[in-house]
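Here the structure is laid out as structure tokens; the discussion comes afterwards.
What follows draws every value from the coordinates through simple rules; no lab data is involved. Worth saying up front: this structure is predicted, and the values here are computed from it rather than measured. With ideal geometry, Cβ positions are generated from the backbone for all residues, glycine too; neighbour counts draw on all protein chains shown.
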Amino acid sequence: MAVSANLLAVPVAAPLLTAALILLFARWGGRTLIRHQIALTALALCINLAAAALLFRAAAGQGQRFVLQLGAWSAPFGITVYGDGLSATLLLMTALVALAVYPFAVATIDYHRARMGFHPLYLFLLMGVNGAFLAGDLFNLYVFFEVLLMASFVLLTVGAQPAQTNSGIRYVVLNLLASTVFLVAAGIAYGTLGTLNFAQIAERLPLASPAVRTVFAGLLLVGFGSKAAIFPLFFWLPASYHTPPPAVTALFGGLLTKVGVYTLFRSFTLFFPELLQDWQPVLLTIASATMLVGALGALAQPGIRRVLSFHIISHVGFMLMGLAVALSGNNLAFGFGLGAAIIYLCHHMIIKTALIMAGGAVELHMGSDRLASIGGLVSRQPFLAFLFFTAAISLAGVPPFSGFVSKLSLLQITLDTRHWVVSGVSVFASLLTMMNMMRLWRESFWGDYSRPSRVPSRILQSSVRQRLMLTPVAVLVLLSLALGIWGEPAFRLSMQVAQQALDRQAYIEAVSPSAQTSTLPAGLFTVPAETVSTILSKEN
Amino acid sequence: MPELYLRLLNRILTPVLLLLSLYLLFRGHNLPGGGFIAGLMAAAAFQLQILSRGHDSLRRTVGPYLNSGIGLGLAVAVCSGIVGLLDGTFFKGVWFSLDLPLLGYLKIGTPVIFDLGVFLVVVSVATSYLLGLSRVADANVEPGRRADS
């Protein structure tokens, strides 16, 4: 079946339209209304998954690139929506995570929060994340960043517990700072290159002076890096992730930082691949520091969810390491590092979400997630214990799960490029991960059964609820197992995706922004490339 | 009791503001205007209402429908994009010509429908902000000195 580029609109339009319908009828009805909202949301999530799967098959499997010029206005003038293998992979993973967390959310979100608009917000967040993966220009990327920031801010604070409000403010202020830095970068791009379109930036950036390139790249690294929670810029994450309901943490843990990681991948491979070589020491240092700080910081955390969310930072370090060596490689294929980073990203999204959900189930069962006061759950909840254990060892990188394949491939490329220190750090961080996971397991499942809360457990009250919570965890763990067992075909696919993403010329040709500009009178709408280079050479 | 002139002004200005906002909405395709500005203009009419008569009446009459207004506006805006699929591309402008008995020849396109959606979203969001802020402002005034009681 031929896939039309209009399919790119579905991951944004379907959640938006459904959320709009939910809001439209939110006034009428009581508890039955929530049921309708849940059904509509689930439908939208399924449509989103189907669209993402179709796109993935065509873009990642067959190497197609989809370009949707909204309203048929051609590239630098209209809004470009772009989907290739990298976008499609992230869309598919996002759709999976969103659909998997949803039953858990339905089981655990209370009526009050549902009345406050939890379900439409879930869809708005999904729309923002999907839009960021599909944006073909800096401005729309910024818009979708703001959409997902606002939706996540409200999701974080809905329910208005004091701790939630406190963390929500820190989250939104630090993220707005990051957005401002990104906006300054966009302003610099527009001021010096005369365009915001990704393809046109990629086309004109080689003509710009090295100073412009350095500043632009540096600002993007800071802006996207703090969205991704890389080393010195991660403070918003541990400050906020443990306060909302567990379902929200699971969704955030699966999706939010990955948008930052994706934009780092996209901007560094498309705009300035040469900086991946020039800045390699810097990027590798940041990656090592991120891996270490994430894993060491998690060791010091007192609660399950705090450990798991702090630990996200460590994984972002692994992905950044893959990006930093994306173009290097002595004996391995071109783009091996990026391919490894992409498969690591998929593994991380699947298993981190599963773990946070399992941890959330423990927390809801015990009434607390403080490791010091809980224990012995394995005797009461053997299935949950089993799921948590398998997810934990997958995260730590034990075969035959997906963690092994992705960590092995990352290690291969760092050893191949002779970055001994970084590969050592990554192995050490993996050991720390193992330690973290074993600590969680020992404190919450082993030992004597101790349950600090006197309130009866909500999970035990209803078997339907329990099934809704644990089935998605089981599905995600099975997915991770499948990704590990079929590691070779999966890795081949991710190599194709990486090589497609590294082919800048094909991206530019697919969008073809200059085909339209050349016919216009010079200087009317955009600055032609020759003018840019003459201006910039005068500046030098 | 708010001042007399404010209430008098309200009577004259509210219809003017609302008509002006509609005018801005429909001229927005080729000239300055459009859904966003028109929505703010209409919200200004509501703010005038709050200032002159207090927020209680507005909260009762308009308040319950604001969320629905946001939803309707978003739905209309997305649907105007879906109409573009008829011509092959999402959000492509499509124009329909209608021959109506009283209004005469009318040409209506998806951009104006999109603007209508934006208008609804903006007016609903801005009015719910204003109502929320007026409640906060009320809570900060001592009970004996309430402006609208």
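Quick look at the numbers
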item: Chain A: calculated mean residue ellipticity at 222 nm from DSSP helix runs of at least 4, using -39500 (n - 2.57); result: -24500 deg cm²/dmol
item: Inter-site label distance for residue A:442 and residue A:296 at 7 Å from Cα along Cβ, in nm; result: 2.0 nm
item: Among A:145, A:368, B:97 - extreme Cα towards positive end, dipole of the protein assembly as shown, charges at beta-carbon; result: A:368
item: Highest-MSF residue in chain B out of B:20, B:48, B:98 [GNM, Cα springs under 10 Å]; result: B:98
item: Chain B - mean residue ellipticity at 222 nm from DSSP helices (-39,500 (n - 2.57) per run, n ≥ 4, rounded to 500); result: -23000 deg cm²/dmol
item: Rounded to the nearest 20 debye, dipole of the protein assembly as shown from Cβ charges on Lys, Arg, Asp, Glu; result: 1760 debye
item: Relative contact order (%) - criterion: Cα under 8 Å, at least six apart; region: the stretch A:5-511; result: 16 percent
item: Span-like helix ranges in chain A, DSSP H, alpha carbon extent 30 angstrom or more, Kyte mean at least -1.0; result: A:31-56, A:85-108, A:162-193, A:246-270, A:304-324, A:336-366, A:420-445, A:463-485
item: Pairs of Lys in the protein assembly as shown closer than 29 Å at Cα, counting only those 8 or more apart or on different chains; result: 7
item: Crossing angle, helix B:110-140 versus chain B [Cα axis fit, 0-90 degrees, rounded to tens]; result: 10 degrees
item: Of B:62, B:76, B:123, the one that fluctuates the most in a GNM where chain B has Cα springs shorter than 10 Å; result: B:62
item: Extension gain, residue A:482 back to residue A:42 (0.36 nm per residue minus Cα-Cα distance, nm); result: 155.9 nm
item: Exposure proxy ranking, count of Cβ atoms within 10 Å, fewest first, for A:188, A:312; result: A:188, A:312
item: Stokes-Einstein D in µm²/s, Kirkwood radius over Cα pairs - the stretch B:4-139 at 37 °C with 0.692 mPa s viscosity; result: 202 µm²/s
item: Rounded tilt (10° steps) of B:35-53 against the dominant C-alpha axis of chain B; result: 20 degrees
item: Cα pair distances exceeding 37 angstrom across the protein assembly as shown, given as percent; result: 41 percent
item: Sorted largest first, extent of the stretch A:303-374 alpha carbons per principal axis (Å); result: 52, 18, 13
item: Crossing angle, helix B:4-27 versus chain B [Cα axis fit, 0-90 degrees, rounded to tens]; result: 10 degrees
item: Rel. contact order, % - alpha carbon contacts under 8 angstrom, at least six apart, the stretch B:4-139; result: 29 percent
item: Value of relative contact order over the stretch A:1-147, rounded to a whole percent, pairs C-alpha under 8 Å and six or more apart; result: 31 percent
item: Inter-part distance where the stretch A:237-287 and the stretch A:402-456 are each reduced to a Cα centre, Å; result: 19 Å
item: Nearest-0.05 FRET efficiency for residue A:471 and residue B:30, computed from C-beta distance (R0 45 Å); result: 0.25
item: Pairwise centroid distance, computed over Cα atoms, of the stretch A:346-386 with the stretch A:40-74, Å; result: 34 Å
item: Where labels lie 7 Å past Cα in the beta-carbon direction, separation of residue A:180 and residue A:53 in nm; result: 4.5 nm
